[in-house]
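A short worksheet on the structure shown next.
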Amino acid sequence: MVRGKSSATYRLSAEYLQHMGIENTQLETLRPRLLPMLIPPLPWQVQETGHNQTGGFLTQRINLLRAEVYTHSAGGAGTVSELDIRALNRVQATAWQVNPKVFEVMLEAAQTGIKLPSIPLETDEEVGFQSKYPGWNAFVERFHTEGRKARLLPDAEWEALSPSAKTDVKRDILAFHEGAASMLGKRYALSEALTTASELLDIVEFYYPFNRDFRGRIYPMTLTEMQPQGSDYAKALLRFSKGKVLGTSGLRWLLIHIANCAGEDKLSLEDRVKWSLDNLEGIMGSAESV
């Protein structure tokens, strides 16, 4: 009984833990992830009925539609237009490669603990939450050694709190644990992205097969953080294998995007272009330092 509530704990036997250790060692070589393809994906083909779609991975069968099409949201159950097919095939025929300079910077930051915006690091213990209760900093330090078993207050101090104060403490601890879990997930995602990038670093061209949902939105079919619709750092790891001159229109949209990334996305499009041009020296300095 803990504070008037009963709880049960189940522990794995030593025999089972030994068995799982052997199983994990055997499974490590399987890499059960849907990674980018080293050759262009199969073009999508759909029969007239809209069913029996084929495309994407060569051997892994994944549906063209991520979910059933609802009649209130689309033109009919299972229907996919020819325009949809052409768009998917065009996007998944785009060749990518890892940006080696960005990879080197990110890897060094992850290994040495250099803090960069939006990149979670193993040395970063800040989970974005602070409490007003005494002993909070000591609790955070204990959390990093004891995990979720760490407690904020001794029993005597806890019992002395009013019911409303106890509710506040529980809420603070819950928020802290949620933040810590989120940070841990982000660290795993960063590690996975860097691992995938290292595996593809010397590959000149690789491809992402795509499918779509019932609304027409398209998504990569790969199960890796390093993909064109991933986080900011995941997208930064990628570049087109076949470069193309931006031209006047492309340069304009690049300047707009730079202003967006700098938090100036509330300005008009023309003012965003002006902001980027006014700050061009600093922007170029950042690019050259990489």
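The values are calculated or read from the model by the stated rules, or taken from the named source; none is laboratory data. Remember, predicted model here, so these are calculated numbers, not experimental data. Positions of Cβ are generated from backbone atoms using ideal geometry, with glycine treated the same way; all protein chains shown enter the neighbour counts. We work out accessible area using only protein heavy atoms, side chains counted, and drop any ligands, DNA or RNA first. Shrake-Rupley method; radii C 1.70, N 1.55, O 1.52, S 1.80 Å.
Side notes on the structure shown:
- Given charges at beta-carbon only (K, R positive; D, E negative), |dipole| of the range 142-224 in Debye: 300 debye
- ILE39 paired with LEU107, simple spin-label distance in nm, labels 7 Å along Cα-to-beta-carbon: 2.8 nm
- The ratio of the alpha-carbon radius of gyration of the chain to the globular-protein estimate 2.2 N^0.38 Å is 1.33.
- Pairs of lysines in the chain whose Cα atoms sit within less than 25 Å of one another amount to 22, provided the residues are eight or more positions apart or on different chains.
- Accessible area (Å², per residue) of the range 82-124, counting only protein heavy atoms and a probe of 1.4 Å: 60 Å²
- ALA14/LEU58 FRET efficiency (R0 51 Å; Cβ-Cβ; nearest 0.05): 0.75
- Spin-label pair ARG217-ASP202: with each label point 7 Å from Cα along the Cα-Cβ axis, the two points sit 3.9 nm from one another.
- Dipole magnitude (debye, nearest 20) for the chain, charges at Cβ of Lys, Arg, Asp, Glu: 660 debye
- Adding -39500 (n - 2.57) for every DSSP H run of four residues or longer, then dividing by how many residues the chain holds, sets the calculated 222 nm ellipticity at -14500 deg cm²/dmol.
- In the range 169-290, the portion of solvent-accessible area held by carbon and sulfur atoms comes to 58 percent [1.4 Å probe, whole percent, DNA, RNA and ligands not counted].
- Dipole of the chain [Lys/Arg +1, Asp/Glu -1 at C-beta], most positive-end residue of LEU277, ALA181, PHE214: PHE214
- Ratio of Rg to Rh for the range 145-215: 1.31 [Cα atoms; Kirkwood radius as inverse mean 1/r over pairs].
- Surface analysis of the range 145-290 yields an accessible area of 61 Å² per residue, using protein heavy atoms and a 1.4 Å probe.
- In this simple spin-label approximation, ARG239 and MET284 carry label points 7 Å from Cα along the Cα→Cβ vector, and these lie 1.8 nm apart.
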